[in-house]
Amino acid sequence: MRTRKRTLQVYLNEEEYNKLAKICENSNLPRSTVIRKMILGHTIRLRPNMDFAKLHAEIGSIGININQIARKAIQMHLTGDDLKRVKSMLAAVLRELDRWRQVWK
């Protein structure tokens, strides 16, 4: 059963309609969802593009490589300074991934 029972007909000029259509296309959301989010003051986020997906995959691979290096460093009993540098790089990659996740949530 529908929870929304009220309908609304809106007349837009060409410019308004084109702007709404562009927002819908960029966010990959239907018009009704975009309009509801706007009314409620929610942020409409753009969908990630393919460059972002490639970047995300690459950063993930880098993070995995750094983690493998850190494990190997622990097994080889490297100095504390070496381990700190590796851990610092891994933490930076993980922070960047988390930042991107928040942006594209």
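Overview of results
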| read-out | value |
| --- | --- |
| Pair list, Cβ < 7 Å and 6+ apart or interchain, from the range 5-17 residues that are more than 15 Å from residue 33 (Cα to Cα) to residues that are surrounded by 10 or more Cβ atoms within 10 Å (Cβ to Cβ) | 12/20 |
| The range 40-87 - residue that is more than 22 Å from the chain's Cα centre (by Cα) and assigned to a loop (DSSP other than H, G, I, E, B) and, of those, surrounded by the most Cβ atoms within 10 Å (Cβ to Cβ) | 78 |
| First in the range 45-69 and under 18 Å from residue 102 (Cβ atoms), second anywhere and modelled with pLDDT of 75 or more and outside any helix (DSSP H, G or I), Cβ under 6 Å, 6 or more apart | 47/28 |
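The rows are residues; the columns are (1) touching a Pro at 6+ places or on another chain (Cβ under 8 Å); (2) modelled with pLDDT under 80.
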site: 7; (1), (2): no, no
site: 33; (1), (2): no, no
site: 56; (1), (2): yes, yes
site: 64; (1), (2): no, no
site: 71; (1), (2): no, no
site: 101; (1), (2): no, yes
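The values are calculated or read from the model by the stated rules, or taken from the named source; none is laboratory data. The structure presented is a predicted model; accordingly, all values stated were derived computationally and were not measured. As a convention, Cβ positions derive from the backbone with ideal geometry for all residues, glycine included, and neighbour counts pool all protein chains shown.
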